[in-house]
Amino acid sequence: MKKIIRFGMYAMCITLLTTGFVACSDDNDSNGDDTLIDKEAMFKAAVMPYVDNTVVPTYKGMADNAIAMADACADIADAFAAGTLTTEMVQEAGNCWNNSRAYWEKSEAFLYGPAANYYIDPHIDSWPLDKNAMDDLLDYLRSGKNWVIENNAGYGLLGFHAVEYMLFELDASGENSLPHNLNYTTEELVYLCAVANDLRNQCVLLEASWAGIENITDEKRSLLEDNEMIPAENYGWYMKNAGVAGSIYKTYQQTAEDIILGCIDIADEVGNTKIGRPANASNEDDKNYIESPYSLNSIADFIDNIISIRNAYQGSNEADASVSDYIVKVNPELDAKVKSQIQTAIDAIKAIPEPFAKSASGAAADNAVTVVGTDLVDVLDEVMSELSKY
């Protein structure tokens, strides 16, 4: 879950743009306004595939797999009632969870906009899961008590990690993740299905909020209509139509800066919070600050976060125009440095073994904190500085 909001120089630059003050010089060129026009053209070219080929397909994949996950959870409940539930059915639901989760983590470089505006990020990805509260809730349910999603106190027992806890469990050694045992109760499965359906709806809302309600399937539109969740914005349209009446963006430079700010924020969070907090733990809360511990998906989560940075910076497809194209033009050495540092970050994270709960205090995690939380953040800060030159 995103917890970092960056201000300072970048916010000042955006404020200058939105109030209409634009300087007419550029450190990389002396053509004044002509340079700004070229810059805007390059950023416009970059934002189109960013929305259409990176953001929207990522959210579509997440929503599609969340629908499959919710359906698989419903199958678990039906099979349990019929006395035919199998471990393979729980495993299939877990596979759908993993697939949807991967798309979510690959979206975390663009948690601004709808994910923040509708509080979807904390709704579906608050962590670490409050295990004591979850166990208390399950005891309550096992006693035959009724529960509806509106009774949930905050976001702590909703979203990906609540579903994870119901579909995965660790073996006695803590070294292996297994499908959850079959000793559910009817009430627990009512809870599982309600949370899975809620997660599904939030994922569909994200897709609709970027693609436009008219550009999603009838099934997805019906889900949102039935739950009174029709989005009030089309954020993809806002970005692709900077300067047009109705868009929240005055210039395409603003869109490019938001793209890079999203990358900086998630690099900072991965390095200094997701990995850094348990790696530098000074108390039990820090030590247990582990994302996706029951599925042993922590390292995959971190890698997917860095992939989200790569996709945002240089495009998901080789031929996509991107912010990288502008940096290549004005500072090719920096562009090469960014791409190299992204791969170095992925390699550093891959070197951390699962379970992360046991390896967080090791040398590999310490190295990743520096490589991601300092080195990658610093080079992305350089990109932002380059974008902000007028």
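The values are calculated or read from the model by the stated rules, or taken from the named source; none is laboratory data. Predicted model, so just to flag it, every value in this text is computed and none were measured. Cβ: placed from backbone, ideal geometry, glycine included. Neighbour counts: every protein chain shown. Protein only, heavy atoms only, side chains kept; ligands, DNA and RNA dropped before computing areas. Shrake-Rupley method; radii C 1.70, N 1.55, O 1.52, S 1.80 Å.
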(Q) Considering only residues that are more than 23 Å from MET166 (Cα to Cα) and either part of a loop (DSSP other than H, G, I, E, B) or at pLDDT below 95 (or both), which ones fall in region 296-319? (A) GLY315, SER316, ASN317, GLU318, ALA319
Q: Can you tell me which residue among ASN181, ASN201, ASN241, ASN234 is under 23 Å from LEU167 (Cβ atoms) and out of contact with any Leu (no Cβ under 9 Å at 6 or more places or on another chain)?
A: ASN181
Q) Can you tell me which residue in region 129-168 is nearest to ASN201 (Cα to Cα), limited to those that are in a helix (DSSP H, G or I) and open to solvent by 80 Å² or more (accessible area, probe 1.4 Å)? A) GLU150
**Q.** Pairs where the first residue, in region 60-86, is part of a helix (DSSP H, G or I) and the second is open to solvent by 60 Å² or more (accessible area, probe 1.4 Å), C-beta under 6 Å, 6+ apart
**A.** GLY61/TYR103; MET62/TYR103; ASN65/ASN99; ALA72/GLU92
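To keep it simple, each residue is scored yes or no on (1) part of a helix (DSSP H, G or I); (2) among the aliphatic types (A, V, I, L, M); (3) out of contact with any Lys or Arg (no Cβ under 8 Å at 6 or more places or on another chain).
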residue: CYS193; (1), (2), (3): yes, no, yes
residue: GLN202; (1), (2), (3): yes, no, yes
residue: GLU225; (1), (2), (3): yes, no, yes
residue: GLU233; (1), (2), (3): no, no, yes
residue: ASP265; (1), (2), (3): yes, no, no
residue: TYR294; (1), (2), (3): no, no, yes
Q. Taking into account only those residues within region 103-128 that are among the aromatic types (Phe, Trp, Tyr), under 24 Å from ALA68 (Cβ atoms) and outside any helix (DSSP H, G or I), which is modelled with the highest pLDDT?
A. TYR118
Q. From the residues in region 80-106 that are of a type in the set (Ser, Thr, Tyr) and within 18 Å of GLU164 (Cβ to Cβ), which one is most open to solvent (accessible area, probe 1.4 Å)?
A. TYR103
Q. Which of the residues spanning region 349-385 are farther than 17 Å from ALA109 by Cβ, without any contact (Cβ under 8 Å) to a residue 60 or more places away in the chain and open to solvent by less than 10 Å² (accessible area, probe 1.4 Å)?
A. none
(Q) The conditions are (1) open to solvent by less than 70 Å² (accessible area, probe 1.4 Å); (2) under 21 Å from the mean Cα position of the chain (by Cα), and ILE327 fails exactly one of them. Which is it? (A) (2)
Q: Among the numbered conditions (1) within 23 Å of SER107 (Cβ to Cβ); (2) open to solvent by 40 Å² or more (accessible area, probe 1.4 Å); (3) touching a residue at least 24 places away in the same chain (Cβ under 8 Å), tell me where ALA232 comes up short.
A: (3)
Q: Those residues that are part of a helix (DSSP H, G or I) and surrounded by fewer than 22 Cβ atoms within 10 Å (Cβ to Cβ), I need them from region 237-253; list them, please.
A: TRP237, TYR238, LYS240
Q: Name every residue in region 261-310 that is surrounded by fewer than 24 Cβ atoms within 10 Å (Cβ to Cβ) and β-branched (Val, Ile, Thr), in order of residue number.
A: ILE264, THR273, ILE290, ILE299, ILE303, ILE307
Q: Kindly provide the set of residues from region 325-338 that are closer than 19 Å to PHE43 by Cβ and touching a residue at least 24 places away in the same chain (Cβ under 8 Å), ordered by number.
A: ASP325, TYR326, ILE327, LYS329, VAL330, ASN331, LEU334, VAL338
Q) Taking ASN183 and the conditions (1) farther than 30 Å from ASN367 by Cβ; (2) crowded, with 23+ Cβ neighbours inside 10 Å, which numbered condition does it fall short on, given that it satisfies the others? A) (2)
Q.
Which residue is farthest from the chain's Cα centre (by Cα), if the candidates are limited to region 23-44 and must be at pLDDT 95 or above, crowded, with 16+ Cβ neighbours inside 10 Å and among the hydrophobic types (A, V, I, L, M, F, W, C)?
A. MET42
